[in-house]
Amino acid sequence: MEPRRNVTYFILSGLTQNPKEQKVLFVLFLFFYVFTVVGNLLIVATVAVSKTLNSPMYFFLASLSFIDLVYSSSASPRLISDLFFGENTISFESCMTQLFTEHFLGGSEISLLLVMAYDRYVAICKPLHYLVIMRQRVCVALLLASCVGGFLHSIIQVGTVYGLPFCGPNVIDHFMCDMFPLLKLVCTDIFVIGILEVANGGLMCTLLFLLLLVSYGVILRSLKNLNLAVYIL
């Protein structure tokens, strides 16, 4: 059975309706967006060109910068354009695409942070085996695993929302397409769906955050023991 969908586009309420404030926000967001793009491009280009920055740490750093660059470009250009021209509409398909891109890149970025923590753990706690453990194939596999994790997270989030009925109104109380403001427009009971969405996103973030804490806790403890050993010697 096809979902009822009378809504073909959404209206974003935006940050403000004041034209003067919109121009100020346009300049502010444009500055930070350009700064973010240039900074991440410099990191990626430096790691790619330099012959000395070929360790796994810099490979992951360049990958993180590239993902952050694309993530910043998934919504910021449209937001900046809307602030400049005063437009605030987005089609249903564009909204779903933006939602998928945000969760895919965000999930991949968070997963990659965990991979980078594992890289530092191996480098500090097992330095003699570092080059054997973190060889090129393993690094690429870990990067792909991060992207797969972000993709699975995103496809679950967007797949659930895409099949919901939107009958109106079509005004999203936000400056971009985001999950929970969008769920408020669904013309059916979304309590169970909301719980599933929170569980999917919240569980992933909480689990990865705890693993990051454990990883860096082990690293700090190893550094403490190493410094103690050096002091004794």
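The values are calculated or read from the model by the stated rules, or taken from the named source; none is laboratory data. Predicted model, so just to flag it, every value in this text is computed and none were measured. Heads up, the Cβs are rebuilt from the backbone with ideal geometry, glycines too, and the neighbour counts pull from every protein chain shown. Surface areas here come from the heavy atoms of the whole protein model, side chains and all, with no ligands, DNA or RNA. Shrake-Rupley method; radii C 1.70, N 1.55, O 1.52, S 1.80 Å.
Points to keep in mind about this one:
- Among (1) without any contact (Cβ under 8 Å) to a residue 60 or more places away in the chain; (2) farther than 26 Å from Cys177 by Cα; (3) open to solvent by 40 Å² or more (accessible area, probe 1.4 Å) - the single one Met57 does not satisfy: (1)
- Asn18 being under 19 Å from the mean Cα position of the chain (by Cα) and over 21 Å from Phe166 (Cβ atoms): no
- Single residue of the stretch 181-197 satisfying the filter (closer than 12 Å to Ile156 by Cβ and of a type in the set (A, V, I, L, M)) that is least open to solvent (accessible area, probe 1.4 Å): Ile193
- The lone exception for Met204 - which of (1) farther than 30 Å from Phe26 by Cα; (2) in contact with a helix residue (DSSP H, G or I) (Cβ under 7 Å, 6 or more places away or on another chain); (3) modelled with pLDDT of 85 or more; (4) open to solvent by less than 60 Å² (accessible area, probe 1.4 Å) it fails: (3)
- Matching residues, the stretch 145-161, being closer than 9 Å to His103 by Cα and touching a Ser or Thr at 6+ places or on another chain (Cβ under 7 Å): Gly150
- Within the stretch 9-27, the residues that satisfy the criterion of being closer than 17 Å to Met176 by Cα and either free of Cβ contacts under 8 Å to residues at least 40 places away in the same chain or outside any helix (DSSP H, G or I) (or both) are Tyr9, Phe10, Ile11, Leu12, Ser13, Gly14, Leu15, Thr16, Gln17.
- Positions within the stretch 23-37 being touching a Ser or Thr at 6+ places or on another chain (Cβ under 8 Å) and loosely packed, with under 12 Cβ neighbours inside 10 Å, in sequence order: none
- Picking from residues in the stretch 117-160 that are of a type in the set (Phe, Trp, Tyr) and within 20 Å of the chain's Cα centre (by Cα), the one that is modelled with the highest pLDDT is Phe151.
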